[in-house]
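For reference, the structure discussed in these notes is given below.
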Amino acid sequence: MGILKRGNNWQADVRVKGIRHRKAFKSHDEAETWLQATKFQLKHDIPMPKESWTLKKAQDQCMKIEWENKRSERTNLLNIRMMNEFFGTYNKTMDEYRVDHVDLNSIDTETVNEFFIHCRDIKKNKDSTINRKLACLSKIMQFAFDSERLAKMPKFPRQKEPQGRLRFLTKEEEVQILDYFKKNSPSIYDFTVVALDTGFRKSELLNLEDRDIVDKKLVIWTSKGDVSRSIDMTPRVKEIVYRRLLGARSTNYPFHYNIFSFSKYVVRTAFENMAKDLNLPDVTPHVLRHTFGTRLAKLRVPLKNIKTLMGHKVSTTTERYMHLAPEDNELDMNLLAEEYGSCVHNVTKTA
């Protein structure tokens, strides 16, 4: 016990009555001052604050409580790994960066700014990537602060992310794409139509099962933003869904079955081939979702309704579409079918 050099910091460490207290400082003098003050408090039975966490301890606790077994788990594990490359010390035997010696209280605003500069200038990360890393670190430290294991929250910079161009399909492009899929892949044709008329994400559509049809509506129980939602089926969606269910029921009864029984790789490959053949390099499956939102905005559906239909967690995400809608109108899903239903061809075959 005492004062040890740990990376760029000095760690003061003292144990009394089986309880360990430690803290990291920028200089040896600061560590020595804290060590003597702590010994005095312990000697005279002056209550000590809770022991601070290491960065590793805070990461593990936050992961267990906030992220484990959730959609964000994998993303935050990657962010933590990249975070540890900056804050940690490389262990050659374990082939990883260790942060179990990094006192969380040593990460102040200055250190956070250094991490930001490292991401921007050394790693050459995009603004959005930097924001995700900082958000992950901020969440971990806020969790420790709320648990009374961090004395003070540092300030976190945030990069302004450009919105970029919102890509959506015109009527002519929709006809062109549907013609292509009708000839080359009827199943992807069905997928495209349903995506256009529901705004569902690719993963949501591929996980859609027969039991997700409730009162003639399609229901998404768990989404990216942890927001459940249901949506009425337009006539063309209803025809496709029930036709595909009829075909799947005969081979899967009595089990539940997916409406689209193929993988995300099949969708990706189909769209890559289509984009190349039709010279539409910027059209991906997610463009179908943008098209849904954009069309609702053009039809002057209110922002709050579009937000609900698209499953956005916050209104700022939905506002990207609203520059296309000068004024509000009542929500009516039939507007979508009436305006764009003519783009669809009759397809009876299910691949």
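The values are calculated or read from the model by the stated rules, or taken from the named source; none is laboratory data. Computed from a prediction, not measured in an experiment: that's the story for all the values here. Because the Cβ atoms are built from the backbone with ideal geometry, glycine has one as well, and the counts that use them run over all protein chains shown.
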* Only one of these conditions is not met by residue 89: (1) free of Cβ contacts under 8 Å to residues at least 40 places away in the same chain; (2) more than 26 Å from residue 146 (Cβ to Cβ); (3) surrounded by 13 or more Cβ atoms within 10 Å (Cβ to Cβ). Which number is it? -> (1)
* Asked: Can you find a residue in segment 121-132 that is under 27 Å from residue 5 (Cα atoms), in contact with a Lys or Arg (Cβ under 7 Å, 6 or more places away or on another chain), surrounded by 14 or more Cβ atoms within 10 Å (Cβ to Cβ) and at pLDDT 90 or above?
  -> no
* Asked: Given the structure, is residue 292 touching a Pro at 6+ places or on another chain (Cβ under 7 Å), in the same structural domain as residue 197 (by TED's automatic domain parsing) and either part of a helix (DSSP H, G or I) or over 17 Å from residue 177 (Cα atoms) (or both)?
  -> no
* To do: Would you mention how many residues in segment 56-110 are among the polar types (S, T, N, Q), outside any helix (DSSP H, G or I) and at pLDDT 90 or above?
  => 1
* To do: Search segment 222-240 for residues being of a type outside the set (Lys, Arg) and in contact with a helix residue (DSSP H, G or I) (Cβ under 7 Å, 6 or more places away or on another chain), and hand back the single one that is farthest from residue 338 (Cα to Cα).
  => 223
* Which condition number in (1) part of a helix (DSSP H, G or I); (2) without any contact (Cβ under 8 Å) to a residue 60 or more places away in the chain is the one that residue 124 fails? -> (1)
* Scan 60, 103 and give me the residue that is over 21 Å from the mean Cα position of the chain (by Cα), surrounded by 13 or more Cβ atoms within 10 Å (Cβ to Cβ) and not hydroxyl-bearing (Ser, Thr, Tyr). => 103
* Asked: For segment 257-306, which residues satisfy the criterion of being among the charged types (D, E, K, R) and without any contact (Cβ under 8 Å) to a residue 24 or more places away in the chain?
  -> 268, 272, 276, 304
* Might you let me know whether segment 153-163 holds any residue that is surrounded by fewer than 14 Cβ atoms within 10 Å (Cβ to Cβ) and farther than 30 Å from residue 323 by Cα? => yes
